[in-house]
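Here is the structure we will look at.
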């Protein structure tokens with residue numbers, strides 16, 4: 001079985017911005033430095049694809065793969081939530097949870113909206129761990145769906161519930177200051193979670209003498225166990241700091257099925273946005289357009305500059321791209337090669353610090369000879 005580094009599943013929009021690609025970019029860079037396999041996980045089902053033709057969803061995925069290749073961020077494997085191999089395993093995963101007493105069927109009060117986008121336990125509406133917060137808004141102590149704008153109504157229904165504690169196993173958090181936040185999140189889970197769906201749900205299982213539609217997020221959350229059955233052992237996962245709840249949920253769920261996932265290194269990226277005020281049009285800030293206009297290497301330097309591990313939010317200026325272009329055009333810069341060695345994960349992150357990349361850009365503009373770290377040599381692809 002091969003060790004691998006993965007990112008949590010990404011939902012692909014029609015226009016892809018740099019922030020979305022940051023986690024697979026880190027996966028690719030760390031993979032090349034550490035010598036372990038890279039896996040990019042993709043969601044191709046769920047609410048955000050509702051109403052789209054299959055051809056459009058496929059087109060988005062292919063465009064995403066092409067974009068990573070254009071960025072020079074090779075990925076060894078893609079894991080997709082709609083793959084038949086994963087779907088066919090859902091039944092046995094659920095049966096094991098039933099056998100362990102962690103998946104139960106009973107009558108509960110649920111809060112639902114008219115379009116079906118919101119369907120949660122009524123008692124969990126105010127819970128910190130609730131995944132549906134993004135599609136719920138509050139007005140005068142009443143909850144509304146942000147998509148259909150209807151108030152949530154409470155009904156009694158027979159549902160499938162996950163009774164689970166996600167506190168088992170260790171997490172090595174990089175940067176380490178996220179350990180406290182993740183520890184607090186882990187203690188908040190362990191309450192009943194609704195995982196069946198009335199009308200919407202792409203996947204079905206047979207349990208307790210009936211057929212259930214399953215929540216899409218519940219289904220992809222077995223990804224770590226699914227990768228193990230594909231011959232890939234996740235030893236590290238890269239997540240945005242906005243995705244810590246899905247991390248705890250998905251890793252905790254897979255740990256119920258496998259003893260080999262008890263130790264995990266988690267690399268948390270800052271939430272990166274581009275301040276595109278100086279760009280000529282709103283679409284100019286998409287990653288495709290940026291590479292079209294400026295080329296691969298300046299955008300690689302731009303992405304790498306956003307990896308400021310000590311910050312939770314990073315707003316990047318297009319000036320970084322401008323100065324990268326200047327640095328790369330400085331003909332007097334002589335960059336010696338660095339011999340490649342396999343590095344442990346703990347050594348890769350310090351050399352990937354965004355401020356070091358910013359200093360590299362400055363040095364390339366001003367200095368006649370610039371020594372490179374192994375990561376910087378990889379980042380520049382020895383082309384300067």
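The values are calculated or read from the model by the stated rules, or taken from the named source; none is laboratory data. Every value quoted in this text rests on a predicted model; they were computed, and no experiment measured them. Here Cβ is always computed from backbone atoms with ideal geometry, including for glycine, and neighbour counts include all displayed protein chains.
Values for this structure:
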{"read-out": "Evaluation of residue 51 against (1) in a loop (DSSP other than H, G, I, E, B); (2) buried (at least 18 other Cβ atoms within 10 Å of the Cβ) (one fails), failing number", "value": "(2)"}
{"read-out": "Residue 25 being surrounded by 17 or more Cβ atoms within 10 Å (Cβ to Cβ), in contact with a helix residue (DSSP H, G or I) (Cβ under 7 Å, 6 or more places away or on another chain) and modelled with pLDDT of 95 or more", "value": "yes"}
{"read-out": "Spans of strands (runs of 3 or more DSSP E) in segment 205-324 with at least 1 residues without any contact (Cβ under 8 Å) to a residue 40 or more places away in the chain and in the same structural domain as residue 187 (by TED's automatic domain parsing)", "value": "210-214"}
{"read-out": "Matching option when the condition is buried (at least 17 other Cβ atoms within 10 Å of the Cβ), farther than 17 Å from residue 193 by Cβ and in contact with a strand residue (DSSP E or B) (Cβ under 6 Å, 6 or more places away or on another chain), among 122, 143", "value": "143"}
{"read-out": "Among residues of segment 372-384, those that are over 16 Å from residue 73 (Cβ atoms) and touching a helix residue (DSSP H, G or I) at 6+ places or on another chain (Cβ under 9 Å), counted", "value": "4"}
{"read-out": "Tabulated pairs, segment 148-176, first assigned by TED's automatic domain parsing to the domain that holds residue 124 and on the phi > 0 side of the Ramachandran plot, second surrounded by 13 or more Cβ atoms within 10 Å (Cβ to Cβ) and assigned to a strand (DSSP E or B), C-beta under 9 angstrom, 6+ apart or interchain", "value": "169/264"}
{"read-out": "Output for segment 70-84, where each listed residue is within 30 Å of residue 341 (Cα to Cα) and either without any contact (Cβ under 8 Å) to a residue 24 or more places away in the chain or buried (at least 20 other Cβ atoms within 10 Å of the Cβ) (or both)", "value": "71, 73, 79"}
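For every residue, the table says whether it meets (1) touching a residue at least 24 places away in the same chain (Cβ under 8 Å); (2) more than 25 Å from residue 198 (Cβ to Cβ); (3) under 21 Å from the mean Cα position of the chain (by Cα); (4) assigned to a helix (DSSP H, G or I).
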{"position": "58", "(1), (2), (3), (4)": "no, yes, yes, yes"}
{"position": "64", "(1), (2), (3), (4)": "yes, yes, yes, yes"}
{"position": "68", "(1), (2), (3), (4)": "yes, yes, yes, yes"}
{"position": "95", "(1), (2), (3), (4)": "yes, no, no, yes"}
{"position": "106", "(1), (2), (3), (4)": "yes, no, no, no"}
{"position": "138", "(1), (2), (3), (4)": "no, no, no, no"}
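Yes/no matrix, rows are residues, columns are (1) surrounded by 18 or more Cβ atoms within 10 Å (Cβ to Cβ); (2) modelled with pLDDT under 95; (3) touching a helix residue (DSSP H, G or I) at 6+ places or on another chain (Cβ under 8 Å); (4) closer than 27 Å to residue 49 by Cβ:
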residue: 93; (1), (2), (3), (4): yes, no, yes, yes
residue: 114; (1), (2), (3), (4): no, yes, no, yes
residue: 134; (1), (2), (3), (4): no, yes, no, yes
residue: 150; (1), (2), (3), (4): no, yes, no, yes
residue: 157; (1), (2), (3), (4): no, yes, no, yes
residue: 162; (1), (2), (3), (4): yes, yes, yes, yes
residue: 169; (1), (2), (3), (4): no, yes, yes, no
residue: 180; (1), (2), (3), (4): no, yes, no, no
